[in-house]
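Engineer: Below you'll find the structure I mean.
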Amino acid sequence: MRASELRQAWIEFFQARAHTHVPSSSLIPTHPSAPMFTNSGMMQFVPYFLGEEPVPFTPRRAVSVQKCVRAGGKHNDLDAIGRSLRHLSFFEMLGNFSFGDYFKAEAIPWAWEMVTEVLGIDGDRVWVTVHESDDEAEEIWADAVGFPRERIQRLGEDNFWEMGDTGPCGPSSELFFDFGPEHGPDGGPANPAAERRYVEIYNNVFPQFFRRADGSLVDLENKGIDVGAGLERILGALAGTPSMYAADSLSMLVDAAQAVTGKRLGDSDLGDIALRLLADHTRTMAFLIADGVIPSNEDRGYVLRRIIRRAIRFAYLLDVETPVCPPLVERCIEIMGDDYPELVGSQDLVLGIVSREEDRFRQTLRVGSQTLDTELDRLPEGGSLPGAVAFQLHDTYGFPLEVTQEVAELKGYTIDRAGFDTAMDEQRRRAKAGRKGGGVASDDAAAEYQRLVGEHGPTTFTGRDEDATEATVIGIVGDEVFLDRTPFYAESGGQVGDTGQMQSDTGIVEVLDTTYALPGLHRHRITVVEGEVSVGQKVLVGIDVERRAAIRRNHTGTHVLHWALRSVLGDHVKQQGSLVAPGRLRFDFSHFEALTPDEITAVEDAVNHEILANAPVHHFETTKEEAEKLGAIAFFGDKYGERVRVLQAGEHSTELCGGTHVSALGDIGPMKIIAEGSIGSNLRRIEAVTGLGPIERLRHEEAVLLRSASLVGVSPEELVEGIEKRLAELKDLRDELKAVKRQAATGQAGAIAADAVDGIVVTRRDEMPRDDLRDLAIAVRQQPGIRGVVIGGAPEGGGVAIVAAVATDSGLHASDLIAGAAKLVQGGTGKNADLAVAGGRDPSKLDEALDMVRGAIPAGG
C-alpha cells in the first residue's frame, strides 16, 4: 500500500462513519498551550477538547491526516534520527476524534476493523495494551471485538495521557505489531527488552477525566476520543519491516540520498545513519519552509537551521563535496507534492533557502574542521580536548559531540565530557531565562475564564459595525473586566487591542488594553477613574475612535505593503510577523538581503499609487475553501477556522485577516517607510507611517532643515553647499592644528632626547591624545643619537597608550620592545618593527609597564 492510498483509505473509512474531514493544519500551532511545532493530530482540536470554542462539526466527529514535527522541547527526537529505525522528525499522524459524541464502545471496534479489514494486517500479529485501571477497555476488546485476552496487557503511566499538569486526561489503548522473534524476545509490549519487536502502530486515547490543580480526577461531562496512528509505522508493518525508512516516500528519499552522495546502505554504519537522516531531514526542512518558517538564530528558525545543518554535516562527513539539500528537497516535492500542494506552491522559496543555507554552512564546516584540527594539535599526546572547545564546535560549527569525539579518538585523544555538559547546561539556562512567552494565568483565574466561556459563550464582537454599545458585565478578575458584548478589538493578528471607556450607574473605568483571556473571550484591562463597576451591571462602553481610525489605516496599509513588497522583490516574500499600532506599522518578512534605496522607493511608490487610486476595500466572511479559490494569502502564525474573513484591499491584495480596516484605500493617506533592517538571517523588518504620520514627519524634518541652515548661515536651498564649505574649512583648520602640534612636539623632542641613556628614551606623558603621542615619539626618534623611544600615557577619556619608535639601524624591534608592557596594562600591540602603538585598559600599571621596558633593553644596546 502506498502512502497516498493509506491516507485516502483512512479518510474514507471515517467519513463513512459520519466524521468531517479536516485538512492538516500548519506545522506552526496557534494555541497558547501549544509546543513549538504541531506534533500530534489533536493539536488543531485543542480548543474543542478544552471547551474554549464550540465544535463546528455535526455530528461532533472529525478525521484528519496531520503533518507533524518533533524537534525541540519536550518531544525532541533529533538525536535518534538515523540511528533508530523508528524515530522521525517529520511524520504524518492519522487521526479520528470525538468531542463528546462517541466513546470506547465505538472507537475500539473501529480500530480493529481499520487495522485488520481495511489495511489487511494479520490480527494474530497484533497485541493490545490498556491502562491498568481500565476494565472497560479490556472488556470491549475481549467481548465486543473477540480479541484474545492473552495478548491484552495492562500498563501504567505509558497508557495514560495528560494534556498538562491540569486539564483533560485519560487512559489509552494501544495496538502493537509483532515483527517476529528475529527482532527481539517475546513477552509482548510489556517487555522493555522487546521494544524493537513490538512496535506501536495505533493509539486510542480516551479523555474522560479532568485533573484538578490538587491532582484529583473528576469525570468529564463530555468524554472524548483522540486517535493517533503513525502513517509511516503502519506502512512499515504492511511492508513487514520495522524500519520506517524501507517504505514509500522515505524509501524513495533514501534512494535519492544514495544517488546524491554516491554511498549505499550497508557500506558503513556512519553512511547508513547519514542516508536515513538525509531522507528524514529533507521532509522536515521542506515542510517547515513551506509553512513559513525561515532559518534564523531564534525559536523555530533556529531549529530549522539546525535540521538543515545536520543534514549538510552528515553529507560532509561522507566526503560529499557537492550540495545535497536542493536535489533532495526537489525529489521530496515530486514525491509528496500531490498530497501536499503547499510544497509545490513554495518550491522556488524552499529551494532558494536550502541552497543558500548549504552554501554558507559548507564554508563554516571547513573552518570548523580546521579549528578542531588546530585544537587537537595543541594537546599533548593522549591529552583531553577541553569541554568548552567541544561545545564551541557543537554550538558554532554544528559539530555533534559524537563526531568531535570520534575524530579525537581516532587521533588518540579524549574529550572532557563534564566540561561540555557544563557549557551546554549554561546555554540552556540562558535560553530559558531569555525565552519569550506570555504569562500563564493562575489556577483561579484560569478556572474563572473557563466558567465564563462555559456559562456565557464567546464575547460578541460588535466593533465592525459600531464604536460604542451597551453591554453587561459578566465577570471581573483583578483588573480585568469581561462583557457579554463589546466593540473593543482584542489584540490578535498583529493588531493591538482597543482602548476606551466603560461607564455604569456607579462608576467610570478607563480601558487600557483589550486581549483574549481564552479564544473568543475578550479581556478588558481597566483602571478605575471614579466609583466602581460590578458584575451584572449594564455599562456603556466606547472605544477611542481616533486611535482606532489610525490603527485601521495602518492595518490596511500593511496589506498593501505586503503586496508591494512581493511585486518589487518577488513572490518569495512572505509575512513573518507584524505590529499594527496607532502611531506606526511594523512588517516582518522573508528576504535574503537589505533593500536598496531604489527598491525602497519602488515599494513606496507602488503603495502610494494604490492608495491614490482609492479603490474600495471589501472585508467579508466566507468559507476557508472559497477564500482559497479567491487566492487569499494567509498570514504567518494566524489561526483560521472553517469560516474566515477575507480582506480585498483594492485590485491586487487579497488576504485572510480578522482585523479592522478602512473602507477605501484613499482613507489610508500617504505611506512613508521610515526604517528597513535585518532582524535575523533571511528576515527583514520595515517600519512605516500612514495618515498624518508622513505629514508630521515632513514637518519635523523641515524644522530640522531650517535649524541646520540657520546654524550654517545659509538658506535651506544652499544647505548642502554650505555644509561642504564648512567641512572644507574645518579640514583646513585641523591640518593647521596638526602642523602646530607637530611643531610643538619637535620642540619637546629635543628636551626629551636629552634624557636618553645610550640612545634610548623611556618616558611618560599624560593627557595627550594617542595620535599626539605617536607624533611626539616620531619627533624624538628623529633627534641625533636616538636609537629608540618609548612613550606611555593615560589619554583623556581613559585607558592607556604606549608608543615605541626605533631607528632602522638600531637593532631593536618596536613591537617586541613593548609587547610585555602591553599585556601588563591589559592590552595588545601590532607587529610593526619600526613603529608600534599599544592600547590598554589599566592605567594603574603604566609606570610598572614602562619599568619593564627599561629592564628589557639590553645593557649597551
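Engineer: Which residue is nearest to Gly830 (Cα to Cα), if the candidates are limited to the stretch 741-762 and must be in contact (Cβ under 8 Å) with a residue 40 or more places away in the chain and outside any loop (DSSP other than H, G, I, E, B)? First the steps, then the outcome.
Structural biologist: If we filter the stretch 741-762 for residues that are in contact (Cβ under 8 Å) with a residue 40 or more places away in the chain, which is where we start, we get 758-760, 762.
Then keep just the ones that are outside any loop (DSSP other than H, G, I, E, B); that gives 760, 762.
Values: Ile760: 21, Val762: 19 Å.
Result: Val762.
Engineer: Identify, from the list Phe177, Phe147, the residue that is assigned to a strand (DSSP E or B) and either buried (at least 20 other Cβ atoms within 10 Å of the Cβ) or among the β-branched types (Val, Ile, Thr) (or both).
Structural biologist: Values: Phe147 fails: assigned to a strand (DSSP E or B).
Result: Phe177 is the single residue among Phe177, Phe147 that is assigned to a strand (DSSP E or B) and either buried (at least 20 other Cβ atoms within 10 Å of the Cβ) or among the β-branched types (Val, Ile, Thr) (or both).
Engineer: Based on what the data block shows, is Ala709 surrounded by 13 or more Cβ atoms within 10 Å (Cβ to Cβ), closer than 30 Å to Val293 by Cα and not hydroxyl-bearing (Ser, Thr, Tyr)? Spell out the reasoning first.
Structural biologist: Working: surrounded by 13 or more Cβ atoms within 10 Å (Cβ to Cβ): yes; closer than 30 Å to Val293 by Cα: no; not hydroxyl-bearing (Ser, Thr, Tyr): yes.
Spelling it out, it is not the case that Ala709 is surrounded by 13 or more Cβ atoms within 10 Å (Cβ to Cβ), closer than 30 Å to Val293 by Cα and not hydroxyl-bearing (Ser, Thr, Tyr).
Engineer: Just the residues that are of a type in the set (Gly, Ala, Ser) and touching a Leu at 6+ places or on another chain (Cβ under 9 Å), please, taken from the stretch 1-44.
Structural biologist: Going through the stretch 1-44, the residues of a type in the set (Gly, Ala, Ser) turn out to be 3-4, 9, 16, 18, 24-26, 33-34, 40-41.
Once the filter is applied, which keeps residues that are of a type in the set (Gly, Ala, Ser) and touching a Leu at 6+ places or on another chain (Cβ under 9 Å), the stretch 1-44 yields Ala3, Ala9, Ser33, Gly41.
Engineer: Another question, then. Within the stretch 243-256, how many residues turn out to be touching a Gly at 6+ places or on another chain (Cβ under 8 Å) and buried (at least 22 other Cβ atoms within 10 Å of the Cβ)?
Structural biologist: Kept after step one, since they are touching a Gly at 6+ places or on another chain (Cβ under 8 Å), are these residues of the stretch 243-256: 243-244, 246-247.
The next check asks that each one be buried (at least 22 other Cβ atoms within 10 Å of the Cβ); those that pass are 244, 247.
Qualifying residue count, the stretch 243-256: 2.
Engineer: Now for a separate question. Could you please give the count of residues in the stretch 409-423 that are assigned to a helix (DSSP H, G or I) and modelled with pLDDT under 85? Write out each step before concluding.
Structural biologist: Residues of the stretch 409-423 that are assigned to a helix (DSSP H, G or I), as a first pass: 409-410, 417-423.
If we keep only those that are modelled with pLDDT under 85 too, we end up with 409-410.
The qualifying residues number 2.
Engineer: For Ala80, only one of the following conditions fails: (1) open to solvent by less than 40 Å² (accessible area, probe 1.4 Å); (2) at pLDDT 95 or above. What is its number?
Structural biologist: (2)
Engineer: Could you check the stretch 647-663 and list, in sequence order, the residues that are among the small types (Gly, Ala, Ser) and open to solvent by 20 Å² or more (accessible area, probe 1.4 Å)? Working first, answer last.
Structural biologist: Let us first name the residues in the stretch 647-663 that are among the small types (Gly, Ala, Ser), namely 649-650, 653, 658-659, 663.
Of everything in the stretch 647-663, those that are among the small types (Gly, Ala, Ser) and open to solvent by 20 Å² or more (accessible area, probe 1.4 Å) turn out to be Gly658, Ser663.
Engineer: When residues of the stretch 498-537 are filtered for being assigned to a loop (DSSP other than H, G, I, E, B) and either open to solvent by 50 Å² or more (accessible area, probe 1.4 Å) or touching a Cys at 6+ places or on another chain (Cβ under 8 Å) (or both), how many remain? Give the steps one after another, and end with the answer.
Structural biologist: Keep residues of the stretch 498-537 that are assigned to a loop (DSSP other than H, G, I, E, B), which gives 498-499, 504-506, 519-520, 532-537.
Going one step further and asking which of them are either open to solvent by 50 Å² or more (accessible area, probe 1.4 Å) or touching a Cys at 6+ places or on another chain (Cβ under 8 Å) (or both), we end up with 505-506, 532, 535-536.
Here the count works out to 5.
Engineer: Starting from the stretch 1-29, keep only residues that are closer than 19 Å to Ile121 by Cβ and in a helix (DSSP H, G or I), then list their pairs with residues that are open to solvent by 20 Å² or more (accessible area, probe 1.4 Å) and aliphatic (A, V, I, L, M) whose Cβ atoms are within a distance under 7 Å, requiring at least 6 positions of separation or different chains.
Structural biologist: Final answer for the pair search is Ala9/Val118; Phe13/Val118.
Engineer: Let me ask something else. Which one of Glu139, Glu92 is assigned to a helix (DSSP H, G or I), at pLDDT 95 or above and of a type in the set (Asp, Glu)? Give the derivation first.
Structural biologist: Details: Glu92 fails: assigned to a helix (DSSP H, G or I).
So the residue among Glu139, Glu92 that is assigned to a helix (DSSP H, G or I), at pLDDT 95 or above and of a type in the set (Asp, Glu) is Glu139.
Engineer: Taking the conditions exactly as written (of a type in the set (D, E, K, R) and surrounded by fewer than 13 Cβ atoms within 10 Å (Cβ to Cβ)), does Asp755 satisfy them or not?
Structural biologist: So Asp755 fits the description; yes.
Engineer: Answer with yes or no whether Asp165 is open to solvent by 50 Å² or more (accessible area, probe 1.4 Å) and within 22 Å of Met42 (Cα to Cα).
Structural biologist: Details: open to solvent by 50 Å² or more (accessible area, probe 1.4 Å): yes; within 22 Å of Met42 (Cα to Cα): yes.
When the stated conditions are applied, Asp165 passes them.
Engineer: Could I ask something else about it? Condition test on Leu817, is it open to solvent by less than 60 Å² (accessible area, probe 1.4 Å), farther than 30 Å from Asp735 by Cβ, assigned to a loop (DSSP other than H, G, I, E, B) and not charged (D, E, K, R)? Step through it out loud before you land on a result.
Structural biologist: Details: open to solvent by less than 60 Å² (accessible area, probe 1.4 Å): yes; farther than 30 Å from Asp735 by Cβ: yes; assigned to a loop (DSSP other than H, G, I, E, B): no; not charged (D, E, K, R): yes.
No.
Engineer: Something else: Quick check on my filter: what residues within the stretch 17-38 are farther than 19 Å from Arg643 by Cα, open to solvent by less than 40 Å² (accessible area, probe 1.4 Å) and modelled with pLDDT under 90?
Structural biologist: Ala34, the sole residue that qualifies.
Engineer: Additional query: Can you find, within the stretch 476-497, the residue that is farthest from Arg464 (Cα to Cα) among those that are in a strand (DSSP E or B) and either open to solvent by less than 20 Å² (accessible area, probe 1.4 Å) or of a type in the set (Asp, Glu) (or both)? Step through it out loud before you land on a result.
Structural biologist: At the first step, the residues of the stretch 476-497 found to be in a strand (DSSP E or B) are 476-477, 480-483, 485-486, 492, 495.
Those left that are additionally either open to solvent by less than 20 Å² (accessible area, probe 1.4 Å) or of a type in the set (Asp, Glu) (or both): 480-483, 486, 495.
Working: Glu480: 23, Val481: 21, Phe482: 19, Leu483: 17, Thr486: 10, Gln495: 14 Å.
Ranking the candidates gives Glu480 first.
Engineer: Name the single residue, out of those in the stretch 218-242 being of a type outside the set (D, E, K, R), open to solvent by 30 Å² or more (accessible area, probe 1.4 Å) and touching a strand residue (DSSP E or B) at 6+ places or on another chain (Cβ under 9 Å), that is nearest to Gly100 (Cα to Cα).
Structural biologist: Result: Asn222.
Engineer: Something else: Among the residues of the stretch 542-574, which ones are assigned to a helix (DSSP H, G or I), of a type in the set (Gly, Ala, Ser) and open to solvent by less than 50 Å² (accessible area, probe 1.4 Å)? Before the answer, list the steps.
Structural biologist: To start, the set of residues in the stretch 542-574 that are assigned to a helix (DSSP H, G or I) comprises 545-569.
Next, only the ones that are of a type in the set (Gly, Ala, Ser) stay: 549-550, 557, 564, 567.
Within the stretch 542-574, Ala549, Ala550, Gly557, Ala564 meet the criteria.
Engineer: What strands (runs of 3 or more DSSP E) lie completely within the stretch 617-724 and have 3 or more residues being over 19 Å from His555 (Cα atoms) and not charged (D, E, K, R)? Can you show your working first?
Structural biologist: Working: elements: 617-623, 643-649, 653-656, 672-680, 683-689.
Passing ranges, in order: 672-680.
The values are calculated or read from the model by the stated rules, or taken from the named source; none is laboratory data. Quantities reported herein were computed from a predicted structural model and do not represent experimental measurements. Counting neighbours? That spans all protein chains shown, and the Cβs are built from the backbone with ideal geometry, glycine included. What goes into the accessible areas is simple: the full protein's heavy atoms, side chains included, and nothing from ligands, DNA or RNA. Shrake-Rupley method; radii C 1.70, N 1.55, O 1.52, S 1.80 Å.
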